[in-house]
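Below is one structure, written out as structure tokens; comments come after it.
The values are calculated or read from the model by the stated rules, or taken from the named source; none is laboratory data. Worth saying up front: this structure is predicted, and the values here are computed from it rather than measured. Every residue, glycine as well, gets a Cβ built from its backbone with ideal geometry; the counts of neighbours run over all protein chains shown.
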Amino acid sequence: MLTTDLTGNLALITGATGGIGQATALTLANLGCSIAVHYNSASSTATDLVKKLQEKGVNAEAFQADLTNYDAVRTLHKDVTTSMGHPTILFNNAGLISGPNRATDISEIDISDFETTWKANCGSAFLLTQLCMPAMVEKGWGRIIFCSSVAGFTGGVIGPHYASSKSALHGLIHWLAGAYAQRGITVNGVAPALIKDTKMLPGSNEELAKKIPIGRLGTPDEIAATVEWMVKTGYVTNKVVGVDGGMFVQ
């Protein structure tokens, strides 16, 4: 069943001040969705985004949290639900790289950087999903989407800390999708590669564009459109969709 009007729904978007997060927030707002804007340090960007969303006529507020801290994740959920209500859409979009962003040997990755990357990219996404799930189950409708990476399929070029944190999301998606498929909740992932205007680019735009079959970087709007499709389409669950210009054949 296609959902084209999200009025009355609340989307919590982590990492909402990044390129993909902002584009997705604006896209869902166009469908009438209220937006909880999560940020860590980019407070001015979050404030500007909230203003843009409010200009579209939707309710929007900004919430700060360091997602490398599980207590901060719990506080984020509490603050959002207290101020705006329970999210029915969760886009686990935030991610980081602690340590090298172009490792060539496993010895380059310190265990603390491995654990920090995993905590932010996978652990906090799991915890926030766990916290949001009961309200979705009670309503009988929900959309949970994880932002993975092509590195989760291929290993990528950043390093084992990043690739493993993203591939772990795939297993989480598959378990959650199976467990909640008959309760009105879909669970999916989008796996971008080399998207401009993001902080995850391991090189220059010109250099990286040569690695992509279609010959250019992707745009945040193209990822947002994929997330929108996953939100609107109730018949899509248990999928991790690569949006990568043809880099990886699934």
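A few notes on this one:
- Every pair of residues 6+ apart whose Cβ atoms lie under 8 Å, when the first sits in the stretch 37-53 and is within 12 Å of G18 (Cα to Cα) while the second is among the acidic types (D, E): V37/E61; N40/D66
- Listed by first and then second residue, the pairs linking a residue in the stretch 77-89 that is without any contact (Cβ under 8 Å) to a residue 60 or more places away in the chain and within 21 Å of T27 (Cβ to Cβ) to a residue that is aliphatic (A, V, I, L, M) and surrounded by 22 or more Cβ atoms within 10 Å (Cβ to Cβ), with Cβ atoms under 6 Å apart and 6 or more places separating them unless they lie on different chains, form an empty list.
- Taken across the stretch 20-41, residues that are of a type in the set (S, T, Y), in contact with a Leu (Cβ under 9 Å, 6 or more places away or on another chain), more than 19 Å from T219 (Cβ to Cβ) and modelled with pLDDT under 95 do not occur at all.
- Of residues in the stretch 143-163 being hydroxyl-bearing (S, T, Y) and within 27 Å of I89 (Cβ to Cβ), the one surrounded by the most Cβ atoms within 10 Å (Cβ to Cβ): Y162
- Within the option set T154, T198, being over 16 Å from the mean Cα position of the chain (by Cα), within 26 Å of V249 (Cβ to Cβ) and modelled with pLDDT under 95 holds for one residue only, T154.
- Hits in the stretch 202-240 - residues which are of a type in the set (A, V, I, L, M) and modelled with pLDDT of 95 or more: I223, A224, A225, V227, M230, V231, V236, V240
- For L176, the criteria (1) hydrophobic (A, V, I, L, M, F, W, C); (2) farther than 24 Å from A120 by Cα; (3) at pLDDT 95 or above; (4) more than 15 Å from the chain's Cα centre (by Cα) hold in every case but one, which is (2).
- Counting only helices (runs of 4 or more DSSP H) that sit completely within the stretch 94-170, those holding 1 or more residues that are under 21 Å from T226 (Cα atoms), of a type in the set (G, A, S) and in contact (Cβ under 8 Å) with a residue 24 or more places away in the chain correspond to 124-139, 151-154.
- Hits in the stretch 220-246 - residues which are among the charged types (D, E, K, R) and farther than 18 Å from G19 by Cβ: K232, K239
Residue by residue, here is whether (1) touching a strand residue (DSSP E or B) at 6+ places or on another chain (Cβ under 8 Å); (2) over 27 Å from T45 (Cα atoms) holds:
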position: L96; (1), (2): no, no
position: T104; (1), (2): no, yes
position: W118; (1), (2): no, no
position: I144; (1), (2): yes, no
position: G152; (1), (2): yes, yes
position: V157; (1), (2): no, yes
position: A179; (1), (2): no, yes
position: N188; (1), (2): yes, yes
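- Tabulated pairs, the stretch 233-249, first on the phi > 0 side of the Ramachandran plot and of a type outside the set (S, T, Y), second part of a loop (DSSP other than H, G, I, E, B) and crowded, with 17+ Cβ neighbours inside 10 Å, C-beta under 9 angstrom, 6+ apart or interchain: G245/A193; G245/L194; G245/L217
- Yes/no for S98 being surrounded by fewer than 23 Cβ atoms within 10 Å (Cβ to Cβ) and touching a helix residue (DSSP H, G or I) at 6+ places or on another chain (Cβ under 8 Å): yes
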